[in-house]
Every structure is written in structure tokens, then in C-alpha cells.
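The block underneath contains the structure these notes are about, expressed in C-alpha cells.
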Amino acid sequence: MKKYYFLIIFLYLLPIFYLTYFPFVDLPQHLHFAYVLKNFSNYEAYFEKRLFPMHNTFHLFFNTFLSNFLPLDITNRIYIGLIILLTFLSFYYLLKVVNGEKSFSLLSLLIAYNYNLFWGFMGIAFAFPLIIFLFALTINLLKGNKKENLIILFLTLLFILIFLCHSLTFIYSFVSYLIIIFLNKKSFKLKHLLPPLITLIFFFLPWQAQQFQREGSELISQFKENISFKAIYQNILDFWERLGIKSDNLIIFFFKIITLLGIFVLITDRHLFKESKILSTIFLVTLAFYFFFPGSYTEAVFLNERFAPLLFLFLIVYISLKIKKSIVKYIILAVLIINIIDLNLRFLMFEKYAQEFKKIVDKLEPNKKVVGIFYDKRPKPDLFGYDIFLHFPCYYQLKKGGLIGFSFAYIRYSPLIFKENYPLERIDEWFPYRSLFPYRYKDYDYLFITGEIRLSDEKYFRKMTLIDSISFFRVYSPKKEVFNF
């Protein structure tokens, strides 16, 4: 079976090599931050740094540092490749620690391209394999491993990295870890508390103090979202219908099989849940975070859904503890091959749109002010179920420089925020035409357009010049002459 590992992993990594742009919604915004930070001398009049202590900065730091040696596009591909590779390696290590059937580690790749990655939650996507490593090391620690101090050092590093990835993943890891070690009193030592407490004291609490000193805690705002019986029921219903990913019915079918098989294993072997005390604790905490965590924030982001991929990984662990027949290995290979073909076909179909957008960008003048009005936010046909084009104007900046019409720098808890003299007013991320018309569209040099223009907006486009049009994409200029910013 092991001789197929490298081939399967390579096929899951393959899209990283041939995709022009990735269909991950928020990814262009994260790359925008990395570009600005790398070229900060060109942007210091517009941006203020709030880099430490700040969560959701790991992608930014990783890419900014490596872009000193490699192009930013390459560093981002390395980052995504590490997500895929570490997902497999961390899960393989976890199965090794709990004595599960290690061939099931390949199924982690089925979950590697998940809800978080497609939404472009780059920190959370990277945090998940780190969390799996953290849990595996914790189990080793409580077994009385002779390299206890080294494990504690690694756990500390993992907690710090998980916080830099995202505060939600840190809170989840923090709560899970404390429950695990307190439920295993026989193995507990005071120094086991050091890894989460060091991160809490030197990173998490200073970050929260910084927020309270300025505009108030964004984290507290999220926790204030209403949780009702209706919301909990809806979370349960969504879990079965979507299972941590949208649109792709084939992969959802595989996830449902995993869910049903995991439930069957736990029902038919009730001792398994009790014997795997640490695993069961982690699984129950994950369930609690999924079902009881606020489901939405500002009506757009489903917070609880971010934990869904972990539930499947833990169900696979239970299955690996019970099923060790050799025929299962070939079933796993068959499932993965089907998923690889499906995934790569979707990526290849999307690549047409990515290349078209790149052709338009390549023809445009550098250092302009650009904005997107995507009346259709998804490819035709809709391949992934996500609003992929929402932040595509950022790719202009990565290639040509300039300023973009929407940036997470508007958000008060971003690592880079706009100074008061930023020349472009804030626009609506989801419906930019509400902000741009009737006057503010003139502040820009280029407007990227997709889809059917609203009837009420046509009068504005009649005043503009159509610069270029390739298939799904068009670019307009509201000015006869375009000047550098």
C-alpha cells in the first residue's frame, strides 16, 4: 500500500502546479496583504501595521518572508502544498500513535480540499494539520514518553503557530487540550500546562488587550451572536447536507459514507468509545464547537462550519481502529482516485476562467486604481459553489501594483489597516455597485466586470470606455486618460 502513497499525494498536489489562480474566495485578499507588506515603502502613506500581537497572520508572515527569495506566487503555492502534505503526515502520525490502520491516513486527503480552503480561510486551513499534530503529541505526552521536555517544547511551538493561524483554532485547541490533560489526572504534571499558557499570556491576552484599547474585541462580538434551539437544529441539518463543503455532491456522498460508517463502528463496538478516552474527548469537544458555536457573523461567515473537516478526520480514526481488513485498502484507493479525477476536472474547467482573467490583467497599464463589480461571482458552470471572483482584482495588484477598491484593511482587526488619508472610500464587498454608483466609480482607473449588468447601472457604463473583453470578463475605464496613483 505504501508504494501508492507518493503517487496519491502527488496527484492531490497536482493542481498547485498547473492552476493560474486558485478558486479560493479570500485568498487574493491575503496575497494582497503579503504584497503590500513586502512593498511597504510604496504603501506606507496609506497603511498602518498592526502585526503583533495579531492572529490570522501566519499566511502573511510565511509569504512575506519567503517572497524575499522567491516570487510571491510561488511562496503561496508552497503554502497550499504544505496544507495538503501536512494534512496527510499529521494524520498518519496520529493513526500511528493510536495504533490505527495507517492506510486510512490517505483518506485525510479526501478532506484536505475543504470548506476552509475553498473560502480562502488560509490560516484556519493551515491550522488543522497543526492541530492534528498537537493532539497526537498530547497523546504521546500522556503515555509517559521519555522525551517529555522535547514534546512540551514542540507543543508550545504548535500552540503559537495555531494562534498565528487564527484565534478560533487556538481557542478550540486550548479548550480541547485542557480538558484532555485534566481528564487524565494520573499522567498530569504542572509543566503540561506550559504550552497553552505561554501562548495565552504572551500572544492571546496581549492581542485581546490591544483590541479593547482600540475599538473593542472582535472575538467577543462573535460570541455574542445568538445561539438558539433553532440555530442548533440548523447546524445539525447543515452538517448532514453539506458536510464541510458545498456544491460537490460526489465528495459529499463520500463524507456521508464516512459518517454512517463511523456511527456504525461506534454503535457495534461500544467499548471503543470508552477505550479511546482521549480521542473521544477530542471528538465530543469538536462536536460541541460545531453545533454550539455561533453559526454566523455579519450574515456572511459561518463560523461553526469551519470545524466540520475535523469531525470527519476523527471519525476516520475510529474506523481505522476497528477495520483492518486488507480489502479496505483497495476501496480507499478507488475512492481517492475517483475524487482525484473529479477534483482535477473541476480545477481544469476553472482554469479557463483564470487564464482569461490573466490575459486581461497582462494587457493593462501598471499602478492604477482598480475595483471589481462581479454581477456573477461564480464561474459558469458553477463548479465549486463559492463566490470565487469576489476578490479577483487583487491579482491585478500582484502583477501590476497600484491600489484596489476593497481590502480587508478596512476591517479594524486586520494586521494592516488603512490610514485616514487612504484615497479610496470603503465599498461594499458583496455588492460594490451600491457603493460605486452614482459618483464614486470615477475614482478608479479600471473596473472589472462579470455577468449581466443591472438595468439601473447601464447608464453609468455607457459613460465609460470598454478597454477589453475576453469571454466572461470585461474591463472598463471611467476616464479618457488614466494616470498613475
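The values are calculated or read from the model by the stated rules, or taken from the named source; none is laboratory data. Note that the structure is predicted; figures quoted are calculated from it, not measured. All Cβ positions, glycine included, derive from the backbone under ideal geometry; neighbour counts span all protein chains shown. SASA here: full protein model, heavy atoms, side chains in, ligands and nucleic acids out. Shrake-Rupley method; radii C 1.70, N 1.55, O 1.52, S 1.80 Å.
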**Request:** Round to a whole angstrom and tell me the spacing of the C-alpha centers of segment 1-45 and segment 66-145.
**Result:** 15
**Prompt:** Rounded to the nearest whole Å², what accessible area per residue is found for segment 345-476 with the 1.4 Å probe?
**Reply:** 43
**Fill in**
Largest-first ranking of F10, F347, F203 by accessible area, probe 1.4 Å, whole protein assembly kept, is F10, F203, F347
**Message:** From the mean inverse distance of alpha carbon pairs (Kirkwood) and the Cα radius of gyration, derive Rg over Rh for segment 415-485.
**Reply:** 0.98
**Fill in**
Rounded to the nearest 10 degrees, the helix 308-322 long axis (Cα) sits at an angle to the longest Cα principal axis of the chain of 30
**Fill in**
For I151, the net charge from surrounding residues (Cβ-Cβ under 14 Å; K, R +1; D, E -1) works out to +4
**Request:** Any aspartates and glutamates with Cα under 14 Å of the K479 Cα? List them, leaving off those in the same chain fewer than 8 positions away.
**Result:** E365, D443, D445
**Request:** Taking a cut-off of 25 Å between Cα atoms, list the lysines near K146, but don't count ones fewer than 8 places away on the same chain.
**Result:** K96, K102, K185, K186, K189, K191, K277
**Message:** Please list, ordered by chain and number, the residues whose modelled amide H lies under 5 Å from the amide H of F47; skip anything fewer than 5 residues away on the same chain.
**Reply:** K419
**Request:** With a ≥ b ≥ c taken as the square roots of the eigenvalues of the C-alpha gyration tensor of segment 253-353, please select rounded if a/c is under 1.5 and otherwise prolate if a/b is larger than b/c or oblate if it is not?
**Result:** oblate
**Request:** Report the local net charge at V335: Lys and Arg +1, Asp and Glu -1, summed over other residues whose C-beta lies under 13 Å from its C-beta.
**Result:** +1
**Item:** Entries of K2/K358; K399/K442; K49/K363 with Cα pairs more than 28 Å apart
**Value:** K2/K358; K49/K363
**Complete:** Rounded to the nearest 10, the angle in degrees between the Cα long axis of helix 72-98 and the longest principal axis of the Cα atoms of the chain comes to 10
**Fill in**
Note, segment 276-283: 3J(HN,Hα) by Karplus (6.51, -1.76, 1.60, θ = phi - 60°), whole Hz, Gly/Pro = x, goes 8, 4, 5, 4, 5, 4, 4, 4
**Asked** Taking the mean number of other Cβ atoms within 10 Å as a proxy for protection, how do you rank 334-342, 418-426, 115-123 from highest to lowest?
**Response** 115-123, 334-342, 418-426
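Shape call for segment 358-485 from the C-alpha gyration tensor, a ≥ b ≥ c root eigenvalues: rounded (a/c under 1.5), prolate (a/b greater than b/c) or oblate?
Rounded, since a/c falls under 1.5.
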**Fill in**
Output ordering of 274-281, 77-84 (per-residue mean of other Cβ within 10 Å, highest first) is 77-84, 274-281
**Asked** Once amide H atoms are built 1.01 Å from N in the peptide plane, which residues 5 or more positions from K369, or in another chain, come under 5 Å H to H?
**Response** L403, D445, Y446
**Prompt:** Under 5 Å between amide H atoms, partner at least 5 residues away or on a different chain: which partners does L416 have, H built in plane at 1.01 Å?
**Reply:** R50
**Complete:** proj_area_mean for segment 283-416 (convex hull on C-alpha atoms), units nm², value 12.1
**Prompt:** Considering only protein heavy atoms and a 1.4 Å probe, what is the carbon-and-sulfur percentage of the accessible area of segment 1-54?
**Reply:** 61
**Request:** Give the accessible area for R454 in Å² (nearest 10); use a 1.4 Å probe, count only protein heavy atoms, and leave out ligands, DNA and RNA.
**Result:** 90
**Asked** Helix 249-268 versus the longest principal axis of the chain: what is the Cα-based angle in degrees, 0 to 90, to the nearest 10?
**Response** 20
**Item:** Estimated vicinal HN-Hα couplings, Hz - segment 409-414 in sequence order (Karplus 6.51, -1.76, 1.60; Gly, Pro = x)
**Value:** 5, 6, 7, 5, 9, 7
